[in-house]
Amino acid sequence: MKKKGKPWHLFVLALLIFAFAYTAFFGISSQYGDITHTYVKGAKDIRFGIDIRGGVDVTFMPTDGFDATDEQMAAAETVIQQRLVNLNITDENGSAVSDVTVTLTDSKGNVITPNENGTYTLGYGVYTYTLSKNGYVVTRGSFSLGSADAANVKDGVLTVKTAVLPKVGENAWDGKTKTEPKKDGNGVYLIGTAAELAWFAATDGKSSAKLTADIELAGYDWTPLKKFYGTFDGQGHVIRNLYINSTSNTLGLISYLQGGASVTGLGITGSVTCTNNTRIAQAGGIVGYMYDKASITQCWSAVNVTSNKHAGGIAGYTAGGSIITNCYASGNITTTSKNECYLGGICGSGFSNTNGATLTNCYSIGDVTGTSGAASYLGGLTPSNNAANYVGNCFYLDGTVSKESSKYGVTGLGTAKTADEMKTAIKANNNPFNPQMLADLAVRAQEIADKAAAKAVDNLIDAIGDVTLTDDCKAKIDAARKAYDALTDTQKALVSKLDILTDAEAKLAQLKKEAADKAAVDDVIAKIDAIGKVKLDKDSKAKITAARAAYDALDDELKAQVTNYNTLLAAEKRYQQLRDKQNANDGSTSDSADGKTDSKTDGKNVKSGNTADNSHLTLWLGGVVVSAAALALLARKRRQDA
């Protein structure tokens, strides 16, 4: 029998495996003084883990054999996007308000149920809310959630600040109660509460009424008095927080003011929104539609009005022959139309910009915003271009009309006034609501100043242009930033081009960094080139040390840009060889004091070369070759043994 030898090939193979395992864990490196050169990275050099910065990018893949629908995939994505949301509700003084009834809906109108602790589990999207509590105005608003909100999550909860929940005075309406008011000796209803006004609004409108006190509607949904034929005398009182948001076509405190009917001495605040998208959508702060010979006198409206076609602070649609006298309006007027609309600060016209109510001594300070379409008929007071519709002093605040007709411009007439001029005109006028109008004007004047300040910053941002690494560009960016930082928080919110400024700042910082990085890399390259012929003297040592220090100060990305790093490695190696040779000759461990070397130990002239480091590739290719040889020997041995 042939005697088998010892399995030396297994020993060789085990040795190779150990060598590669050792290399994988510890790597291969060399030490020169306090400088470590790594040729193969080991496990200690590898960074393990996951960076999570503001969220996680997730790829959803169904399991094998399961074909997920688009709806199922969307649902899976929604799960990862969901977060706990807490609503921060405060009053006008910033104090927290508790026990608020909250109705929260998503973009599809679905009502969201809160968790037991009062938080909501919400995904990305837009949400609307209604806040109500006795003693406070019903408040509505909306907010949106997106990936950027992840940065604001604290202790697992995102807090969203809602609109302010204002307090109300006594006798505020609860949105339901209707109480029949008393009458005076002439059969006129005497209305002193919101419940009594709600009762009167449900009548046939053939009686007259007087207000005996201010009325607080508290923002509850209001159903207009359908048709009114009598006289409504506010006696200088104010109806506060009217709220209408309806698809009905004619909206206001009163829908239709019939011919011969009148409203006088009434102040009103709130909002009216007509979502009817037909051509007969009409909305006004006091009445939606005024017939011929209907009149409104000495009234003040601080109602924001939105309608598809006709809208105004006092009245929406106004027929020829209707009359509006000595009235003020300070609410903003807007449209949902894409083209045709008839809007005015005081009133809209009929289906023409050449007719409508006749205005006498009327002032408006609210914004009137159209569509910019050819049929966008607008005016600071009324869209009518008929001079006969304007009698006496008819003023509007300059700069409040926008998105007028692309074909006809601003069609309405009247006189534009500055804030100071309007203030003087109001003080000279005889109207019971002068104090309210002056207070509104002060707010509007501040809004105008805020818009102007924000616009000035936007102009500075526009002036930046293309970002370049120049003193002129830096000066423009600095000027825009300084101007922005000097604004109030309210003004900052009006700046529309802040993202351009921040992008410009980031770009300039990047250009500066790139220039500094290039300068640092160039400096290292120059220091390495300056080494020249390596000698065993202080000059060579100083140059090598300086080049090494400069190189080590770079980050890994910049180190990769040093094109002559191998020259430095070669210089360090040659210098060490010269020292080792000298030490072997005379036992000295220091450089020559005179800095000279003999002809036998002259350094070699090391030139810059290709910086590609193939040591990793060579090592592993060598390993592959050796392993292949070992496996071949193993196979051959097995054949021999067989």
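Just so you know, all these numbers are worked out from the coordinates, no wet-lab data involved. Because the structure is predicted, anything quoted here is derived from the model rather than measured. Cβ atoms come from the backbone with ideal geometry, glycine included; neighbour counts cover every protein chain shown.
Quick one: Karplus J couplings for region 484-490, per residue in order, coefficients 6.51, -1.76, 1.60, θ = phi - 60°, nearest Hz, x for Gly and Pro?
5, 5, 7, 6, 6, 4, 5
Please state, rounded to one decimal and in Å, the Kirkwood hydrodynamic radius that region 226-285 gives when every pair of distinct Cα atoms enters the mean of 1/r. Let's see the in-between values first.
Values: mean 1/r = 0.0813 Å⁻¹.
By the Kirkwood definition, the hydrodynamic radius is 12.3 Å.
So, counting K/R as plus one and D/E as minus one, what does the shell of residues with Cβ under 12 Å around L190 add up to?
Numbers: positive: K182, K183, K210; negative: E180, D184, E196, D233.
Overall, the nearby charge balance is -1.
Can you work out ³J(HN,Hα) from phi for every residue in region 134-142, in order, using Karplus 6.51 cos²θ - 1.76 cosθ + 1.60 and θ = phi - 60°, giving whole Hz and x for Gly and Pro?
Per-residue couplings from phi come out as 4, x, 9, 6, 4, 10, 10, x, 8 Hz.
Placing unit charges on C-beta atoms (Lys and Arg positive, Asp and Glu negative, everything else neutral), compute the dipole magnitude of region 394-531 about its Cα centre in debye, rounded to 20.
Once rounded to the nearest 20, the dipole reads 560 debye.
Using amide H atoms built 1.01 Å from N in the peptide plane, name the residues 5+ places from Q258, or on other chains, whose amide H lies under 5 Å from its own.
So Q258 has HN proximity to F228.
Among G284, S271, S248, flag the residue with its Cα farthest along the positive direction of the charge dipole of region 177-291, charges on Cβ as +1 for Lys/Arg and -1 for Asp/Glu.
S248
Mind checking the full-extension length gain between S142 and F351? Use 0.36 nm per residue of separation minus the Cα-Cα distance, one decimal, nm.
Working it through step by step, the gained length comes to 71.8 nm.
Can you tell me the FRET efficiency between S95 and N134 if r is taken as the Cβ-Cβ distance and R0 is 25 Å, rounded to the nearest 0.05? Don't skip to the answer; put the middle values down first.
Values: r = 16 Å, r/R0 = 0.66.
Step by step, r from the Cβ atoms, then E = 0.95.
Around L242, which amide H atoms from residues at least 5 apart in sequence, or from another chain, sit under 5 Å from its own amide H, with H modelled in the peptide plane?
Under 5 Å from the amide H of L242 lie the amide H atoms of T269, G270, S271, each far enough along the sequence or on another chain.
Run the numbers for E557 and D580: contour at 0.36 nm per residue of separation, minus the present Cα-Cα distance, in nm. All intermediate terms of the calculation are to be shown ahead of the outcome.
Working: separation 23, 0.36 × 23 = 8.28 nm, distance 3.38 nm.
The span from E557 to D580 would gain 4.9 nm if fully extended.
Roughly how big is region 176-227's charge dipole about its Cα centre, with Cβ charges of +1 (Lys, Arg) and -1 (Asp, Glu), in debye to the nearest 20? Mind dumping the intermediate values first?
Working: 8 positive and 7 negative charges, 48 e Å.
Roughly 220 debye for region 176-227.
Which FRET efficiency, nearest 0.05, do N430 and D485 yield, Cβ-Cβ r, R0 41 Å? Kindly include the intermediate steps, with their values, before the conclusion.
Details: r = 46 Å, r/R0 = 1.12.
Calculated value: 0.35.
Please list, in chain and number order, the residues 5+ apart from T411 or on another chain whose amide H is under 5 Å from its amide H, with Hs placed from the backbone.
The answer is L378, S405.
Please state the charge dipole magnitude for region 312-438, taken about the Cα centre, from unit charges on C-beta atoms (+1 on K and R, -1 on D and E), reported in debye and rounded to the nearest 20.
Details: 6 positive and 6 negative charges, 12 e Å.
Value, rounded to 20: 60 debye.
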